[in-house]
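The values are calculated or read from the model by the stated rules, or taken from the named source; none is laboratory data. Because the structure is predicted, anything quoted here is derived from the model rather than measured. Heads up, the Cβs are rebuilt from the backbone with ideal geometry, glycines too, and the neighbour counts pull from every protein chain shown.
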Amino acid sequence: MIDPRIEEVLESLYESEVEQGRPSPLDAAAEPVRLACEAGLTAACGGGLRLTEPGRAAARDVVRRHRLAERLLVDVLDVAREDVEEDACQFEHIIRRGLDEKICRLLGHPRMCPHGKPIPAGLCCQSARADAIREVRPLAEGPIGGEGVVAYLSTRQRRDIQKLMAMGILPGSRIRLIRRFPSYVFQVGYGQFTADESLAAVIYVHWKEDANRERGAGGGGNRES
Ligand SMILES: [Zn+2]
Ligand SMILES: [Zn+2]
């Protein structure tokens, strides 16, 4: 595992060099930068600093873990978006390779962090995309008639949790959205239930792929009628 101080350097360089295409604002004389150079991850260039090839791969990995940690904190652990930055910084160092894939799968291979920055794709995302992603989105955003499996509940409100449990909604439950208006109507097992928007927003569902297709994701073949 790379020294967390070096990881911070890599992350900053990835954002400036790879994503924004501008020179790094880092001080080349700072201790962590020197360490990154010694590790062969960065190199001095024209008074500035750039990522070496292994440095770029390592940096991509750090950024991926950071943004996945943000998604996990906001979507599953219900941390406010404003508070997420600092927690995610500590979290990213803990998430090792292998665990990032598990988190990525749990979250449905998200493409964006809560701030709208792209999450570099992992191997898990590539294979998930190849066999049509099963996207995770809240029930409130699901397609009418769409079916899926509850992935997780993003709430710490005891009232919400009690209501959801009373309806038998737990991770792994099969769920189908029937109606969205005037309130959300859905089926779980043999029962039909209603929920208001705030409750429907905390139920995250792994939608089946045909549910994605309904939104115009394309299913091959031009059919004319
Ligand atoms: Zn972010
Ligand atoms: Zn993935």
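Descriptive notes on the structure:
- Scanning the stretch 74-104 for residues that are basic (Lys, Arg) and under 22 Å from LEU153 (Cα atoms) returns ARG81, LYS102.
- Residue in the stretch 79-93 that is more than 16 Å from ligand 1 (Cβ to nearest atom), modelled with pLDDT of 75 or more and among the small types (Gly, Ala, Ser) present: no
- Single match in GLY168, GLY122 (criterion: within 16 Å of ligand 2 (Cβ to nearest atom) and of a type outside the set (S, T, N, Q)): GLY122
- Check on CYS104, within 16 Å of ligand 1 (Cβ to nearest atom), in a helix (DSSP H, G or I) and either touching a Ser or Thr at 6+ places or on another chain (Cβ under 9 Å) or assigned by TED's automatic domain parsing to the domain that holds VAL79 (or both): yes
- Subset tally (residues that are in a helix (DSSP H, G or I) and either without any contact (Cβ under 8 Å) to a residue 24 or more places away in the chain or not assigned by TED's automatic domain parsing to the domain that holds GLU8 (or both)) for the stretch 26-72: 6
- Residue match in the stretch 77-94 (condition: free of Cβ contacts under 8 Å to residues at least 60 places away in the same chain, among the β-branched types (Val, Ile, Thr) and surrounded by fewer than 20 Cβ atoms within 10 Å (Cβ to Cβ)): yes
- Residue pairs whose Cβ atoms lie under 9 Å apart, separated by 6 or more positions or on different chains, with the first residue in the stretch 158-170 and free of Cβ contacts under 8 Å to residues at least 12 places away in the same chain and the second polar (S, T, N, Q), are ILE161/THR155.
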